[in-house]
Amino acid sequence: MNTSIAAAIAFSAVRKEYGPTVALDNASFSIAEGRVHALLGENGAGKSTTVKILSGLARPTRGAVQIFGRQVSIDSPKSAHALGLQTAFQELTLIGDLTVAENMLMPYQPVGYFGQLKRGEGMHAVRSHLEALGLGTISPNAEVRDLELPQRQKIEIARALFRKPKILLLDESTSALSGNDVSWLANIVAQEKAKGTTIIFITHRMPEVRMFCDELTILRNGKTVGSYGLDDVTDDQVIELIVGRSIEKVFPKIPPVDRSKPPVLDVRNLSAGRCEDVSFAIRPGEVVGVAGLQGMGQRDLFLSLFGDVPRRSGSIQVDGNEVRIQSPRDAIKANIGISFVPEERKTDALFLRLDGRRNVTLPVIEHFTKWGLIDFDEEEKAVMGSLRRVQVADRALDAPASAFSGGNQQKIVMAKWLLSGSRVLLLFDPTRGVDVGTKHEIYGLINDYAAAGGAVMIYSTEIEEVVHLSHRVLVFYRGRIRREIDAAKEQITESAIIRAALGSDEARLEGAVQ
């Protein structure tokens, strides 16, 4: 690391306790002014707590925080803003019922002498800002809830930049982005660095650390493992430092599938949302990947199979029987057995205030009831078995879901559907915002589910996951399956997926790509 540059941020023996839980344990590190610094670690390592302290959402139990050489007490988001710190959060803080402009300006909307809002001035500033960031296609008048997740993530980042930060905290800002969107953010980071902005970049994706950052600091169990220059450590060394052990193979071996068996899920000529005339089948033990650029229909496919987007035409068969799915309730019925892990666990997959027991049994609570009464002993036994299967601590039984890291929350979502005994598992970006160790565990759960005879369909913003987990990949372009890549016939590669996702003619581009 370059230690000759003055520190923009310095943590000295910072400890943060939440009751008996120690989130940061004498963490000490410094980040040089005008640099892009990665903060890495597993879920629960202390990264989010660090961000909360710097954002004014939490205060250290003890220890010192310095900003540009001055010891500070950041007791509110307002005081963080006054010090020049702005944060773009992974768990988006935008208000869905407000417009893009209202979210961008809050709470600093321009006012006149008598307190009246200068709406025209504010709207002009927001529109100019969006255009400068290459987001001119997003209307300032659009309600945030109507935007897709990658667009909302971009607005979260744009809002932080709108306030002209001296220090910018990017908390898993690429977890909802892929392809060109990541390149967009890379350009933004480069521009901010050129202005002298100090950037803390939190991610679980090592290629992005190499692309964006100058140095990195690793946290584990709330403690500082160390800070390193990018040239001083390999990716494998970083992973070992993060998890405290060696993960020899990131992706497990894909189990074989018997192609002679009839399909578990058979979709014929399905049209729903942006999907048009989509047909495919998934056999027992098979993992089928789905790929495509944002907005090409893949999300509507998943939602329609789970009953959340109505079908215009087409049919769905499960185990040879045509089924009628008009709602998620229909999808999870025992005779259908389709489960869905969505991209936003905190808003679409969990009730954060409820404990693990209630979250896990919610879809199948009738399995534990008789005459309207719940058999709590039987319920607890089943939930404990499911939580242990996904390697979540027993305390999740009675603790609220909000008390757990993002990775453990995602495993609680997985436990819910494993308990349901579903035949089909739909996974839409299931490792979004989780650490490398948890990813490895989720990959194993996917393989175990398939090996037990289940059918899996997975979409991921990380194309390498689709490549290494799938028996076949369906590539979407303009609402239709542009190409099917079958590992039994040819190698599944990122370049083949990207070419098809771009709608390119492969024969014409083959020589140029290679």
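The values are calculated or read from the model by the stated rules, or taken from the named source; none is laboratory data. If you're wondering where the values come from, they're calculated on a predicted model, not measured in any experiment. Cβ placement follows ideal geometry from the backbone for every residue including glycine, while neighbour counts extend to all protein chains displayed. Quick note on the areas: whole protein, heavy atoms, side chains included, nothing else; ligands and nucleic acids left out. Shrake-Rupley method; radii C 1.70, N 1.55, O 1.52, S 1.80 Å.
Quick one: putting +1 on the C-beta of Lys and Arg, -1 on the C-beta of Asp and Glu, what dipole do you get for segment 300-376 around its Cα centre, in Debye to the nearest 20?
200 debye
One-quarter of the Cα convex hull surface for segment 276-401, in nm²?
Projected area, direction-averaged: 9.8 nm².
Along each of the three principal axes of the Cα atoms of segment 205-260, give the extent in whole Å, ordering the values from largest to smallest.
Principal-axis extents of the Cα atoms in segment 205-260, largest first: 53, 26, 16 Å.
Per-residue HN-Hα couplings for segment 468-479, Karplus 6.51 cos²θ - 1.76 cosθ + 1.60 at θ = phi - 60°, whole Hz, x for Gly and Pro?
Ordered by residue, 3J(HN,Hα) equals 8, 10, 9, 7, 9, 10, 9, 9, 8, 8, 6, x Hz.
What area, in nm² and to one decimal, does the C-alpha convex hull of segment 122-262 cast on average over all directions?
13.3 nm²
Per residue, how many Å² of accessible area does segment 435-474 show with a 1.4 Å probe?
22 Å²
To test your reading of the geometry: what angle, between 0 and 90 degrees and rounded to tens, separates the Cα axis of helix 119-132 from the longest principal axis of the chain?
Taking Cα atoms only, the helix is inclined about 70 degrees.
If you take the Cα atoms of segment 123-175, find Rg, then find the Kirkwood Rh from the mean of 1/r over all pairs, what is Rg/Rh?
0.95
Where in the chain is the longest stretch that carries no chymotrypsin sites (Phe, Trp or Tyr not before Pro) classed as loop by DSSP and with at most 14 other Cβ atoms within 10 Å?
In short, 115-350.
What do you reckon, how do K154, K370, K253 stack up by accessible area (1.4 Å probe), largest on top?
The residues order as K253, K370, K154, largest area first.
If you plug each phi of segment 97-106 into the Karplus form 6.51 cos²θ - 1.76 cosθ + 1.60 with θ = phi - 60°, what whole-Hz ³J(HN,Hα) values come out, in order, with x for Gly and Pro?
7, 9, 6, 4, 5, 5, 5, 5, 8, 5
Would you please state the base-10 log of I(q)/I(0) at q = 0.05 1/Å for the chain, with intensities from the Debye formula using one equal scatterer on every alpha carbon?
After summing over all Cα pairs, the log10 values are -0.21.
Whole angstrom only: what separates the Cα centroid of segment 55-83 from the Cα centroid of segment 424-473?
Distance between centres, Cα-based: 39 Å.
Any chance you could give the angle, 0 to 90 degrees and rounded to 10, that helix 149-162 forms with the longest Cα principal axis of the chain?
It works out to around 0 degrees.
Relative to the Cα centre, what is the charge dipole magnitude of the chain, using +1 at the beta carbon of each Lys and Arg, -1 at the beta carbon of each Asp and Glu, and rounding to the nearest 20 debye?
For the chain, the charge dipole is close to 900 debye.
Could you check what % of the DSSP bridge pairs in the chain are antiparallel, to the nearest 5?
60 percent
Given a Förster distance of 35 Å, report the FRET efficiency between K346 and S260 from their Cβ-Cβ distance, rounded to the nearest 0.05.
Rounded to the nearest 0.05, the efficiency is 0.25.
Taking the Cα centre as origin and putting +1 on Lys and Arg beta-carbons and -1 on Asp and Glu beta-carbons, what dipole magnitude results for segment 117-184, to the nearest 20 debye?
400 debye
List, largest first, the extents of the alpha carbons of segment 391-514 along their principal axes, each in whole Å.
58, 28, 25
Please report the net charge: other residues with Cβ closer than 15 Å to the Cβ of A415, K and R +1, D and E -1.
Net charge in that neighbourhood comes out at +2.
Output the 0 to 90 degree angle, nearest 10, between the alpha-carbon long axis of helix 376-389 and the longest principal axis computed from the alpha carbons of the chain.
70 degrees
Equivalent ellipsoid semi-axes for segment 206-363, as square roots of 5 times the alpha carbon gyration tensor eigenvalues: give them largest first, rounded to whole Å.
Largest first, segment 206-363 gives 39, 20, 18 Å.
Tell me which trypsin sites (Lys or Arg not before Pro) from segment 425-495 have a DSSP coil assignment and no more than 10 other beta carbons within 10 Å of their own.
Those satisfying the criteria are K489.
What's the longest piece of the chain with no exposed GluC sites (Glu not before Pro), counting a site as exposed if DSSP puts it in a loop and it has at most 13 other beta carbons within 10 Å?
The longest such stretch corresponds to 249-489.
At 222 nm, what value in deg cm²/dmol follows for the chain if DSSP H runs of at least 4 each add -39500 (n - 2.57) and the sum is divided by all its residues, to the nearest 500?
That comes out to -9500 deg cm²/dmol.
Taking the full set of protein chains and a 1.4 angstrom probe, give the accessible area of H81 in square angstrom, rounded to the nearest 10.
50 Å²
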